[in-house]
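> Sharing a structure with you now.
The values are calculated or read from the model by the stated rules, or taken from the named source; none is laboratory data. Bear in mind that the values here come from a model prediction, so they are computed numbers and not experimental data. Cβ atoms come from the backbone with ideal geometry, glycine included; neighbour counts cover every protein chain shown. Ligands, DNA and RNA are excluded from the accessible area calculation, which covers all protein heavy atoms including side chains. Shrake-Rupley method; radii C 1.70, N 1.55, O 1.52, S 1.80 Å.
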Amino acid sequence: MSEPVVLRPRFGLVLCFIVWAIIVVAIGSLIGQGDVLNAVRFIPAFLLAAFGCWMLFWAPAVQIDATGVRLQNIARAVRISWPAVASVDTKYTLTIRTVGGRRFGAWSAPGPSRLTTFRATRQDLRNLPKTTYGPGNSVGIGDLPSSDSGLAALRVRQYWEQLRAAGHLDSGAVEGSGVETTWYRTRLIVLAVLAAATLAGALL
């Protein structure tokens, strides 16, 4: 069985480091100037930007392990057990459809950019998991392994097919709906507090 996998946006960490570096310099400049009023006014906005960048571009992830697939999105996480997985799609982003007909997308695994699509070759779409191919061996452009959606779909399908080949999904039994949703309440509270502080600073 494959090892657990955690996939995040490839550009996310780099973008966050750049934004955070700019914010640190800006806050340091405010503090260094000794301007208390402007520090009180603008620091909450900088912290909001830093936290928002983390929420959007680094915290989201796709986690894959023996129990199922966990889609960590901006405000909530959705865990889908393997017996509940009906299909994996990549038209716009990695999207998992359950046997109950529900669909869940992954914020961290969007489809390929135009540049990635332009650079793609037929070789890139060969030797993918069997569940990748549609009628006539058709493959969606979102299945390119060089894209975030394609890489995530590849890992999910590989794990899924291994479980099926080993007979672990033969019964077809799904416990409950097979879907568990967890809201990031603390994260949303912090976001709301920083937004309120930013608004208060703007009104000073």
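> Normalising by the residue count of the range 1-133, find the relative contact order in percent from Cα pairs under 8 Å and 6+ residues apart.
21 percent
> Okay, next question. Match the structure shown to one of the listed values [x] 19.2; [y] 17.0; [z] 18.3 of Kirkwood radius over Cα pairs in Å, computed from it, and give that label.
Among [x] 19.2; [y] 17.0; [z] 18.3, the one calculated here is [x].
> In degrees from 0 to 90, rounded to the nearest 10, what is the angle of the helix 185-203 Cα long axis to the longest principal axis of the chain?
30 degrees
> Can you work out the FRET efficiency for the pair A165 and D35, with r the C-beta to C-beta distance and R0 = 45 Å, to the nearest 0.05?
Efficiency for this residue pair is about 0.10.
> Only four residue types carry charge here, +1 at the Cβ of Lys and Arg and -1 at the Cβ of Asp and Glu. Report the dipole size of the chain about the Cα centre in Debye, rounded to the nearest 20. Before the final figure, lay out the partial values.
Numbers: 20 positive and 11 negative charges, 75 e Å.
I would put it at about 360 debye.
> May I ask for the angle, rounded to the nearest 10°, between helix 148-165 and the longest principal axis of the chain, with both axes built from Cα atoms and the value confined to 0 to 90°?
It works out to around 40 degrees.
> I would also like to ask the following. Roughly how tilted is helix 12-33, in degrees to the nearest 10 and between 0 and 90, from the longest Cα axis of the chain?
The two axes meet at around 10 degrees.
> So if each residue of separation counts as 0.36 nm, and I subtract the Cα-Cα distance between L203 and D65, what length gain in nm does that give?
Details: separation 138, 0.36 × 138 = 49.68 nm, distance 4.80 nm.
Stretched fully, the L203-D65 segment lengthens by 44.9 nm.
> Taking 0.36 nm per intervening residue step and subtracting the Cα-Cα distance, what contour gain separates V6 from Y92 on full extension?
28.9 nm
> What part of the accessible area of the chain, given as a whole %, is carbon or sulfur when the probe is 1.4 angstrom?
With neighbouring chains kept in place, the figure for the chain is 62 percent.
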